[in-house]
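A quick write-up on the structure given underneath.
The values are calculated or read from the model by the stated rules, or taken from the named source; none is laboratory data. Keep in mind it's a predicted model, so treat the numbers as computed, not measured. A quick note on method: Cβ atoms are made from the backbone with ideal geometry, for glycine too, and the neighbour counts reach across all protein chains shown. The protein model used for the area step is the full one, side chains on, heavy atoms only, and it has no ligands, DNA or RNA in it. Shrake-Rupley method; radii C 1.70, N 1.55, O 1.52, S 1.80 Å.
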Amino acid sequence: MEGINKITARIIEDAEREIALMQQENEDKINTITAEAESAAEQESLELLARGRRAAEERRERLSSSAAVECRKLELAAKQELLGEAFDAAVEQLCSLPREDYLALIAALAAEAAEGNEKMLLNRHDAEELGAEAILMANTALCAAGKPGKLTLGSETRPIPGGFILSCGDVELNCAFDTLVRLQREKLEKEVAAILFPVQ
């Protein structure tokens with residue numbers, strides 16, 4: 001019986017060793033799989049974090065670029081508004097010249113623009129206050145320029161801020177100050193902008 005007990009004890013011992021070895025192998029496999037899973041999870045986490053950072057940086061750049069474009073638009077709009085105000089102020093200054101300077105300017109413009117036989121149309125205020133003098137000075141300037149000095153004051157008035165309109169039949173030549181300034185604006189805008197907004 002002792003032989004069977006020894007064999008049985010040996011079988012049990014071998015089985016326990018085999019079980020212990022299998023358990024160790026399983027534990028090693030579990031540890032390896034766990035380590036690989038943790039490594040993969042960490043790698044994926046790092047990749048997600050990097051992608052998130054890249055996406056955040058791209059979004060920041062897009063927003064920054066969009067904000068810069070919007071800022072330039074607002075700055076341009078503000079500059080255009082200021083330029084408009086500058087040219088409006090020029091019209092106001094022309095309209096508020098002292099009487100003699102105003103008449104001299106109208107006479108000079110008429111001498112340059114008129115043929116000499118047209119009707120001069122003024123705004124209501126100028127027609128009432130300066131009409132006869134404006135015609136006299138304009139005709140004198142026209143004669144000095146070698147043109148017939150036969151301008152007449154039109155009976156109708158026009159809603160212009162200052163200056164005049166020359167009328168000959170169906171043809172009209174607009175010499176109103178706002179129109180003249182608007183026509184000069186395209187030529188002068190860069191120069192005026194350089195004065196208003198000097199490059200630092």
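Worth pointing out:
- Any chance LEU83 is open to solvent by less than 80 Å² (accessible area, probe 1.4 Å), closer than 18 Å to THR179 by Cα and more than 37 Å from the chain's Cα centre (by Cα): no
- Of all residues in segment 97-117, at least one satisfies being at positive phi, surrounded by 11 or more Cβ atoms within 10 Å (Cβ to Cβ) and touching a Gly at 6+ places or on another chain (Cβ under 8 Å).
- Residue match in segment 118-140 (condition: on the phi > 0 side of the Ramachandran plot and in a loop (DSSP other than H, G, I, E, B)): no
- Selection status of ARG182, under 31 Å from the mean Cα position of the chain (by Cα) and open to solvent by 30 Å² or more (accessible area, probe 1.4 Å): yes
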